[in-house]
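The values are calculated or read from the model by the stated rules, or taken from the named source; none is laboratory data. Because the structure is a prediction, the values reported are computed rather than measured. Methodologically, a virtual Cβ is constructed for each residue, glycine included, from the backbone with ideal geometry; neighbour enumeration extends over all protein chains shown. What goes into the accessible areas is simple: the full protein's heavy atoms, side chains included, and nothing from ligands, DNA or RNA. Shrake-Rupley method; radii C 1.70, N 1.55, O 1.52, S 1.80 Å.
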Amino acid sequence: MKMTKLSTKHLLGIKDLTQEDIELIFSTADNFKNVINRPIKKVPSLRDTTIANLFFENSTRTKISFELAEKRLSADVINFSASGSSVVKGETLIDTVNNILAMKVDVVVMRHPNPGAAVFLAKHVNSRIINAGDGAHEHPTQSLLDAYSIREKLGDVKGKKILIAGDVLHSRVALSNIFCLQKLGAEVMLCGPPTLLPKYISSLNVKVEYNLRKALEWCDVANMLRIQLERQNIKYFPSIREYTMLYGINKKLLDSLKKDIVIMHPGPINRGVEITSDVADSKQSIILEQVENGVAVRMAVLYLIAGRFGE
Ligand code: CP
């Protein structure tokens, strides 16, 4: 029998989802992708539901994508940024959220710099929580839209060889992608300088390759991660120039491979560092398709979590 609701009340991380949950999100997103390509892009699914987007860390794609997804579902939306709020006066996370919930908010979407912040919130406040990225821990909706985009481009995720290259150590996208892709039956390889691969890598059941050319020759899809200089308070490699020479993808390298691979990047891109513009903007790149699919996938997540279907 086909599932019609998720096995979880919140979306805190991909680790908590089953393969069936992910497939339900994808089939729901297929319907919403049709909706957002119609002249009238709105449906009444979340009318009278109030959603608070709490962003304690900067965002362009995730914040706009969630807001658009909520508005396409007819939810009432409030947006909160830590800067300019009473957080700067010392108000705690729980007090901040409980005060917002007292105004009859139904669902909280939160981005926070601390790993585990979404799990902590789910334990201490009475609301449904969607994690929009918590430090270097998880970014579940990013990995869902990434896997959805692979499925759309290649027909299936199962059996595909997916490379995640770059600053894995500081990346919440990498961890969520590993969990999501493995649950869907893909093989995952990580590539980057040894200093930017986590020490617990052996527990992740992934292949590891330190040579980018060999990694690219292996894969069907390469997801190039951003170097997260803002999270690096020590030097992990000698210089950006050297990093780019060893771990950046450029058109010459891409064209020298014996097959066409799909290029992905979660954004924001450091153009000319982990990826050159001619690769990011090439026909093999699905970077903007990822962003487009983000709205449909987040509509699906919101519909399944914020709607009254799990009660
Ligand atoms: N991919 C991603 O999370 O981008 P933002 O930080 O702009 O939301």
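Within the range 13-22, restricting attention to residues that are touching a residue at least 24 places away in the same chain (Cβ under 8 Å) and either in a helix (DSSP H, G or I) or within 16 Å of the ligand (Cβ to nearest atom) (or both), the residue that is farthest from PRO113 (Cα to Cα) is GLN19. The sole residue among LEU163, LEU169, LEU225 that is under 18 Å from GLY267 (Cα atoms) and within 16 Å of the ligand (Cβ to nearest atom) is LEU225. Once the range 64-81 is narrowed to residues that are touching a residue at least 60 places away in the same chain (Cβ under 8 Å) and surrounded by 18 or more Cβ atoms within 10 Å (Cβ to Cβ), the residue that is nearest to the ligand (Cβ to nearest atom) is SER65.
Yes/no per residue for (1) closer than 20 Å to HIS10 by Cβ; (2) touching a Leu at 6+ places or on another chain (Cβ under 7 Å):
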{"residue": "PRO44", "(1), (2)": "no, no"}
{"residue": "PHE56", "(1), (2)": "yes, no"}
{"residue": "ARG61", "(1), (2)": "no, no"}
{"residue": "LYS71", "(1), (2)": "no, no"}
{"residue": "PHE80", "(1), (2)": "yes, yes"}
{"residue": "SER83", "(1), (2)": "no, no"}
{"residue": "GLY90", "(1), (2)": "no, no"}
{"residue": "ALA102", "(1), (2)": "yes, no"}
{"residue": "HIS112", "(1), (2)": "yes, no"}
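Would you confirm whether or not the range 126-136 contains a residue that is part of a loop (DSSP other than H, G, I, E, B), among the basic types (Lys, Arg), more than 15 Å from the ligand (Cβ to nearest atom) and modelled with pLDDT of 95 or more? Checked against the condition, which is being part of a loop (DSSP other than H, G, I, E, B), among the basic types (Lys, Arg), more than 15 Å from the ligand (Cβ to nearest atom) and modelled with pLDDT of 95 or more, the range 126-136 yields no hits at all. Among the candidates VAL301, VAL279, the residue that is in the same structural domain as VAL109 (by TED's automatic domain parsing) and either under 20 Å from ASN177 (Cβ atoms) or under 21 Å from the mean Cα position of the chain (by Cα) (or both) is uniquely VAL301.
A quick yes/no check of all residues on (1) buried (at least 21 other Cβ atoms within 10 Å of the Cβ); (2) among the polar types (S, T, N, Q); (3) not assigned by TED's automatic domain parsing to the domain that holds GLU230:
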site: GLU152; (1), (2), (3): no, no, no
site: ASN177; (1), (2), (3): yes, yes, no
site: CYS180; (1), (2), (3): yes, no, no
site: GLU187; (1), (2), (3): no, no, no
site: CYS191; (1), (2), (3): yes, no, no
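Scanning the range 152-182 for residues that are closer than 25 Å to ASP260 by Cα and of a type outside the set (A, V, I, L, M, F, W, C) yields GLU152, LYS153, GLY155, ASP156, LYS158, GLY159, LYS160, LYS161, GLY166, ASP167, ASN177, GLN182.
Flag: ILE40 does not match the condition of being open to solvent by less than 70 Å² (accessible area, probe 1.4 Å) and more than 16 Å from the ligand (Cβ to nearest atom).
Does LEU121 satisfy the criteria of being in the same structural domain as ALA29 (by TED's automatic domain parsing), under 23 Å from SER176 (Cβ atoms) and either in contact (Cβ under 8 Å) with a residue 60 or more places away in the chain or of a type in the set (A, V, I, L, M, F, W, C) (or both)? Yes: the conditions hold for LEU121. Looking across the range 281-311, the residues that are outside any loop (DSSP other than H, G, I, E, B) and either more than 17 Å from SER65 (Cα to Cα) or open to solvent by 60 Å² or more (accessible area, probe 1.4 Å) (or both) come down to SER285, LEU288, GLU289, VAL291, GLU292, TYR303, ARG308, PHE309, GLY310.
Which residue is farthest from GLY155 (Cα to Cα), if the candidates are limited to the range 175-195 and must be hydrophobic (A, V, I, L, M, F, W, C) and touching a Ser or Thr at 6+ places or on another chain (Cβ under 9 Å)? Steps first, answer last, please.
Initially, the range 175-195 is screened for residues hydrophobic (A, V, I, L, M, F, W, C), giving 175, 178-181, 184, 186, 188-191.
After this cut, where a residue has to be touching a Ser or Thr at 6+ places or on another chain (Cβ under 9 Å) as well, the list is 175, 178-181.
Numbers: LEU175: 23, ILE178: 19, PHE179: 20, CYS180: 16, LEU181: 14 Å.
Applying the filter and picking the extreme gives LEU175.
Among the conditions (1) closer than 25 Å to GLY294 by Cβ; (2) in contact with a helix residue (DSSP H, G or I) (Cβ under 7 Å, 6 or more places away or on another chain); (3) away from the ligand (no atom under 16 Å from the Cβ); (4) open to solvent by less than 60 Å² (accessible area, probe 1.4 Å), ASP278 misses just one, which is (4).
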